[in-house]
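Please read the structure below before turning to the comments.
The values are calculated or read from the model by the stated rules, or taken from the named source; none is laboratory data. Computed from a predicted structure; not experimentally measured. Backbone-built Cβ (ideal geometry, glycine too); neighbour counts: all protein chains shown.
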């Protein structure tokens, strides 16, 4: 069975007037938190008399970005922007469950359909479209008891906490592997007390003697094998190398490579296969 979302809450529009309280902010990542926790700059408003008051347990939604998950439960009494929507769950609803529901793909799609204002048909490219409480109230949702809603919210709390912990572990593992990679490179190319050093240019002895080589190919078996870039990228053994005339090879003797060139890193003081 289903019901309308409006049966789960009541809109609250209480203004703080001359009794301002702690300023709360709404974000996709943190939900509803004191603004001081996520912003260092002072609030832009000079006076807060028209700001909305909220109580602990109230749902606060950023009407511009609620479809992206910018909503949450107020942890403390405070005040929020007058552009935000504040609703108070009834006894038949669980606030945590409502947050999970509103952050679901289904609710996000439904909110996108009913965004109003300038550019309401394409809220992702417009900064002026917003969700109206009347549209939210018409949304069809499962008709579950408060006890079942709490059970669902408890389950999702456990699962999301477990997933967040796994993500944190993976991020830490990535950091450790990055540190290990940097350490291996540093150890491989650092010059210790007993390590002989040389200029990089002396390692690059294969330099043309007379400018750019324009190869003159000859039939296979009549010349010297010639290695092109494509031969390096395609290491298929069945692909034969082209050949150039011996006299041209002699002109560019300094570019000649010897057998075993590909194993030149074997002498590094690190096991790169580890």
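Residues checked against (1) buried (at least 19 other Cβ atoms within 10 Å of the Cβ); (2) farther than 29 Å from residue 110 by Cα; (3) under 31 Å from the mean Cα position of the chain (by Cα):
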| residue | (1), (2), (3) |
| --- | --- |
| 17 | no, yes, no |
| 29 | no, no, yes |
| 66 | yes, no, yes |
| 72 | yes, no, yes |
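Scanning for something at pLDDT 75 or above and under 31 Å from the mean Cα position of the chain (by Cα), does segment 219-241 turn up at least one residue? Within segment 219-241, not a single residue is at pLDDT 75 or above and under 31 Å from the mean Cα position of the chain (by Cα). Listed by first and then second residue, the pairs with beta-carbon distance under 8 Å, at least 6 apart or on different chains, first residue in segment 40-65 and touching a residue at least 12 places away in the same chain (Cβ under 8 Å) and at positive phi, second surrounded by fewer than 24 Cβ atoms within 10 Å (Cβ to Cβ) and not in a loop (DSSP other than H, G, I, E, B), are 57/73; 57/88; 57/89; 57/95.
Just to be sure I understand, how many residues within segment 26-39 are under 18 Å from residue 86 (Cα atoms) and free of Cβ contacts under 8 Å to residues at least 40 places away in the same chain?
Matching residues across segment 26-39 total 1.
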